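Written out below as structure tokens is the structure these notes cover.
Where a number appears in this text, it was derived from the coordinates with a stated rule and is not lab data. If you're wondering where the values come from, they're calculated on a predicted model, not measured in any experiment. Because the Cβ atoms are built from the backbone with ideal geometry, glycine has one as well, and the counts that use them run over all protein chains shown.
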Amino acid sequence: MGGMNPFDLNDHDAYARWRDRKLANRPASLDELIVEIADPARPTPTERDAVHRACSRANLAIFVTSRPESVVRQDLKALAGHFGLRRLNHNEGADDDGVTVLAVAETAQWRNTYIPYTDRPIHWHTDGYYNRPEEQIHGLMLYCETPAPRGGRNALLDHELAYIHLREQDPELVRALMHPQAMTIPANQIDDHIERPARPGPVFSVRDDGRLHMRYTARRRNIEWRDDDVTREAARRLRALLESDSPWIHRATLQRGQGLICNNVLHDRAGFENSDEQRRLLYRLRFFDRIDPHFTAIA
Ligand SMILES: [Fe+2]
């Protein structure tokens, strides 16, 4: 970027150049971001290039393996590592290997009160918005072991497009969402089990490497937006975009053997219904790393 940052609100030219290239490369449909990976533990250079290309365009790729019966959890970690995703967040709910099983909790346990482990819809968000600042989630992988018989569709929106949407309307909306107190998660309100101090932070922030990070939830309860007209308006317009039928939003239901690898883009999940024979099961891996399109794995 030659020292210029497109996310600097004072540098319109750098922004305009980045925006034009971003929109010119925007995929018309999710199909353009699907990459077949025969063996997820050992992606070929061609397969890796395709994932990098998708992520450099849209911050996300959908990978598909034709041999889901042979994929184990360790393979997902290996696959992520090929894209520089190595530092796993051992979040509450994760197993010892750092992989989280997303399935409806069967017995009375804290997971029952925590929406990812139910069949209910999940609002738009980026993962880990309640994490401490130094443990923000920059990379995310989901992998579908078993889809629900009905429902469970994800919506996906590249957070850089959400940024463009707001900046085009008024850069002050973006400035408000970059404020360090723009969005606060109050203490101890995520659920009864996890005690946590209040987490104030920006919605949009710029990483040390110049890339954009987004921290967001569309939850209405237990979120404190900065008490300021511009912040409220920015949050309202962001929500309006997410609730719209914008062609920038991709929608897909992951099928068995399909996964998402992304730079923690905005996403939601529709509710779903299990049957006795088929119970939805996804694996989730959260990383402190971001997929770097210029990253070259050492084979
Ligand atoms: Fe999520």
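Here, P(r) means the percent of Cα pairs in each 10 Å bin from 0 to the largest distance; for the stretch 23-62 it is 33, 52, 14, 1.
Each eigenvalue of the Cα gyration tensor of the stretch 12-287, multiplied by 5 and square-rooted, gives one semi-axis; in descending order these are 29, 24, 17 Å. What is the distance in Å between the Cα centres of the stretch 232-283 and the stretch 129-150? Value for the Cα centre distance between the two parts: 11 Å.
Rounded to the nearest 500, the helix-only mean residue ellipticity at 222 nm of the chain stands at -7000 deg cm²/dmol, with each DSSP H run of n ≥ 4 adding -39,500 (n - 2.57). Estimated at 0.36 nm per residue, the fully extended path between residue 4 and residue 278 surpasses their Cα-Cα distance by 93.5 nm.
Measuring gaps between exposed loop sites in the chain (trypsin sites (Lys or Arg not before Pro); DSSP loop; at most 11 other Cβ atoms within 10 Å), the longest gap, sites not included, is 1-219. Of the GluC sites (Glu not before Pro) found in the stretch 147-240, the ones in coil according to DSSP and having at most 15 other Cβ atoms within 10 Å of their Cβ are 195.
Given +1 at the Cβ of Lys and Arg, -1 at the Cβ of Asp and Glu and no other charges, the dipole of the chain around its Cα centre is 200 debye to the nearest 20. With no solvent and one equal point scatterer per Cα, compute the Debye intensity ratio I(q)/I(0) for the stretch 1-72 at 0.13, 0.15, 0.16 Å⁻¹ and report its log10, rounded to two decimals. Taking Cα atoms of the stretch 1-72 as identical point scatterers yields -0.52, -0.63, -0.67. If you take the charge dipole of the chain about its Cα centre, with +1 on Lys and Arg Cβ and -1 on Asp and Glu Cβ, which of 218, 80, 138 is farthest toward its positive end? Going by the Cα projections, it comes out as 218. With 0.36 nm allotted per residue and the present C-alpha distance subtracted, the residue 198-residue 67 stretch has 42.8 nm of extension available. Only beta bridges with both residues in the chain are counted; by DSSP, about 95 percent of them are antiparallel. Rounded to two decimals, the Cα-based Rg/Rh of the stretch 131-170, with Kirkwood Rh, is 1.13.
Within the stretch 206-299, the proportion of C-alpha pairs whose separation exceeds 23 Å stands at 49%. Distance distribution note for the stretch 124-226: the fraction of Cα pairs above 25 angstrom is 28%.
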